[in-house]
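The values are calculated or read from the model by the stated rules, or taken from the named source; none is laboratory data. Remember, predicted model here, so these are calculated numbers, not experimental data. Methodologically, a virtual Cβ is constructed for each residue, glycine included, from the backbone with ideal geometry; neighbour enumeration extends over all protein chains shown. These accessible areas exclude ligands, DNA and RNA; they are computed on the full protein's heavy atoms, side chains included. Shrake-Rupley method; radii C 1.70, N 1.55, O 1.52, S 1.80 Å.
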Amino acid sequence: MVLFFTDRKKGYTDAEVVVHLQRRDEAVERWFYETSKRYFDKSFNEIFFDADRKQEVFQLAFIKLWTEIEDKKIKLIDGKLVRQQRSGGYEPMSCSLTTFLMAFARNEHREIVRNIHEGYYEELFDSADCKAQAVSDDYDDAEDIKNRIVDECIHEMSPGCVEILTMFYYEGKSLDDIMEARGEKNTSKNGLKTAKNKCMNTLKERVIERYKEYNK
């Protein structure tokens, strides 16, 4: 079996990880956490997330994965890892524990964005065309597409715009706070406000254009 969780000292298959965790093996518990954190830090790179927020996403995602293993929603049957379905039955797992970890992380990221920055996203997608078109019959899939579009478009912005939008929309800083943090990059509050509005308008145009491309 392929080793999904490995390090230089010792490697465990996903099946071994599940069995040891359900036996409350403290050494494997500690190893599993540390290995999961390294994998997460390497793989999770959502924009606008500082170290504290990123750690929050990891903890929430890890707890969900751990709980599924502890509650035996993920377990070993006849030598194969299976996962409990909504119907109550079990089906063989088609992906690794790391894939589940990152899936849970993406869900947590989406919820944080939706709950904390709902107004920001509404502003980005505030157009009749966007509201009228259905990206997917699955709401979560549609939200994933929106999040991905915003991340893609932000990565294409200038560093200055990313810095301003991050501080204003995601860190909740006032224009005065941003002026102080950016030092000589902005000479006046009005100039900063104009720059922020221009960046937001540019981002909004790119997001709407990219969103429409997904619907062609």
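Give the ranking of His20, His109, His155 by solvent-accessible surface, highest area first, calculated with a 1.4 Å probe.
Accessible-area ranking of His20, His109, His155, largest first: His155, His20, His109.
Among Val162, Ile178, Ser188, flag the residue with its Cα farthest along the positive direction of the charge dipole of the range 145-197, charges on Cβ as +1 for Lys/Arg and -1 for Asp/Glu.
It is Ser188, whose Cα lies furthest towards the positive end.
What whole number of Å gives the distance from the Cα centroid of the range 143-197 to the Cα centroid of the range 67-93?
Result: 44 Å between the Cα centres.
Label Glu213 and Ser158 with points 7 Å out from Cα along Cα→Cβ: what is the distance between them in nm?
That separation, rounded to one decimal, is 2.2 nm.
Between Glu184 and Asp41, what is the label-point separation in nm under the 7 Å Cα-to-beta-carbon projection?
Once both label points are built, they end up 3.5 nm from each other.
Quick check on my link table: of Lys173/Lys193; Lys146/Lys193; Lys173/Lys198; Lys37/Lys146; Lys54/Lys173, which ones sit more than 21 Å apart, alpha carbon to alpha carbon?
Details: Lys173/Lys193 13 Å; Lys146/Lys193 26 Å; Lys173/Lys198 18 Å; Lys37/Lys146 26 Å; Lys54/Lys173 19 Å.
Pairs exceeding the cut-off: Lys146/Lys193; Lys37/Lys146.
Ordering Leu65, Leu175 by how much accessible area each has at a 1.4 Å probe, largest first, what is the list?
The ranking, largest first, comes out as Leu175, Leu65.
Starting with the highest mean, order 80-89, 145-154 by the number of other Cβ atoms within 10 Å, averaged over the residues of each peptide.
Ranked from most to least packed, the peptides come out as 145-154, 80-89.
Suppose all protein chains stay in the model; what accessible area per residue would a 1.4 Å probe give for the range 160-216, in Å²? All intermediate terms of the calculation are to be shown ahead of the outcome.
Numbers: 3410 Å² over 57 residues.
Heavy-atom SASA per residue in the range 160-216 reads 60 Å².
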